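Report on one structure; see the data block that follows.
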Amino acid sequence: MDLELLDQTLADRDEPRFRARQVWTWAARGARGYEQMTDLPASLREALARELPFSSLTLQAEAQASDGTVKALFATADGRPLEAVLMRYRDGRRSLCLSSQSGCALTCTFCATGRMPFARNLSASEIVDQALHFRRAEAARGGRRDAGGAKAPRGREGTAGPAAITHCAFMGMGEPMLNLDNVLGACERLPDIGIGHRRTTISTVGWIPGIERLAEEQMPLRLALSLHAADEALRSELMPVNERFPLRDVIDACRAFHARKRRRVFVEYVMLAGVNDRYEQALALARALSSGPTGGRSRGGQPAFKVNLIPYNPTDSPYTGSTREAIASFRGALEAHGVPCTVRLTRGREIDAACGQLAARAS
Ligand code: SF4
């Protein structure tokens, strides 16, 4: 829902100021339309249905994988494509991957979005509408915090029952730091949907001004760095942005974020066969993350970084994914050198769940 247009529409009708909050509360709880907002006058519900589209996005396609992962392809009102993904886990967690831009100008060579033309930044409402789409879907599947239903029991960080969406990462299309005002505007709304700030991660390729701004931000959001190669030359090849912000400076900025916020920084590392998955490259990564005045640790001794190794979801690129054995030995080398490390579960592979794949195929 275009929340600015909502304010304007209500102001034009001389509605009291609390009406916007009422409408938003219904939407955040998974209402499927204005007609469900029974504490609004019927005439207002009808007027809103006439004048204000319930979502700023139109669903173009949706695919569900056997592991429960759902990927949605949307179009904005001016026809720009974007994607979002819902991941469902056996323990009840629901996690979203949201887009911040339609397309991306940063042309990382392993990324399907990087091969699409950049269209524009998404508004805060267009970002929130991705989350609301899945909020409605989960409510329809029987989420306990259903539309207008009784107050759901609140868990940690304002989350609700087992079908509630609890986590979110800005790891979809686009570089969030290049649209940070709108990303932060959306983050302010996410707790109403059930996603607390401490469970919201903003991922960056290393856009230092954005990292610095996030370090000063009041909301306790998490930071993830897409790193992918510890060697400057290889990283520049994979991610041209490295020419502008070299890795050593980016790591310093992440360390400063960690020192300021006392939040560990996630390092994303996509495993590409024969490109960045060798033993000595693991050692170089461990060295890069462990260097610095405190050996890469906080004063309390906690490592500043945690690495997530990501099995590559094949796109129409020259790369193939590393073998399971290569990933395991890379992980072993990192852990042997004191760098905490996990291997991300592969999800939604059969539905092109990696960033930009669905939009690329649809275009
Ligand atoms: S990985 Fe992220 S920053 Fe790089 S091209 Fe893809 S969407 Fe853009």
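Each value in this text was obtained by applying a stated rule to the coordinates, not by laboratory testing. Model, not experiment: these values are computed from the prediction. Here the Cβ is made from the backbone with ideal geometry for all residues, glycine too, and neighbour counts use every protein chain on show.
Among Leu73, Leu225, Leu44, which one moves the most in a GNM of the chain with springs linking Cα atoms closer than 10 Å?
Between Leu73, Leu225, Leu44, it is Leu44 that shows the largest mean-square fluctuation.
With a ≥ b ≥ c the root eigenvalues of the C-alpha gyration tensor of the range 46-137, is it rounded (a/c under 1.5), prolate (a/b larger than b/c) or oblate?
Oblate, since a/c reaches 1.5 and b/c is not below a/b.
With the cut-off at 1.5 for a/c, could you classify the range 182-303 from its C-alpha gyration tensor as rounded, prolate or oblate? Working shown, then result.
Values: a/c = 1.96, a/b = 1.52, b/c = 1.29.
The shape class here is prolate.
Taking Cα atoms, how many degrees apart are the long axis of helix 42-51 and the longest axis of the chain, rounded to 10 and kept between 0 and 90?
50 degrees
Taking N as the number of residues in the range 3-51, what value does Rg over Cα atoms divided by 2.2 N^0.38 Å take?
It is 1.01.
Specify the angular offset, from 0 to 90 degrees and rounded to the nearest 10, of the alpha carbon long axis of helix 279-290 from the longest principal axis of the alpha carbons in the chain.
70 degrees
For every other residue with a beta carbon closer than 14 angstrom to the beta carbon of Glu280, add +1 if it is Lys or Arg and -1 if Asp or Glu, then tell me the sum.
0
Rounded, prolate or oblate: pick one for the range 84-145, where a ≥ b ≥ c are the square roots of the eigenvalues of its C-alpha gyration tensor, a/c under 1.5 means rounded, and failing that, prolate if a/b is larger than b/c, else oblate.
Cα axes put the range 84-145 in the oblate bin.
What do you get for Rg/Rh of the chain when both radii come from the Cα atoms and Rh is the Kirkwood radius?
Ratio of gyration radius to Kirkwood radius: 0.99.
Tally the DSSP beta bridges in the chain and give the antiparallel ones as a percent, rounded to 5.
Here the antiparallel bridges make up roughly 50 percent for the chain.
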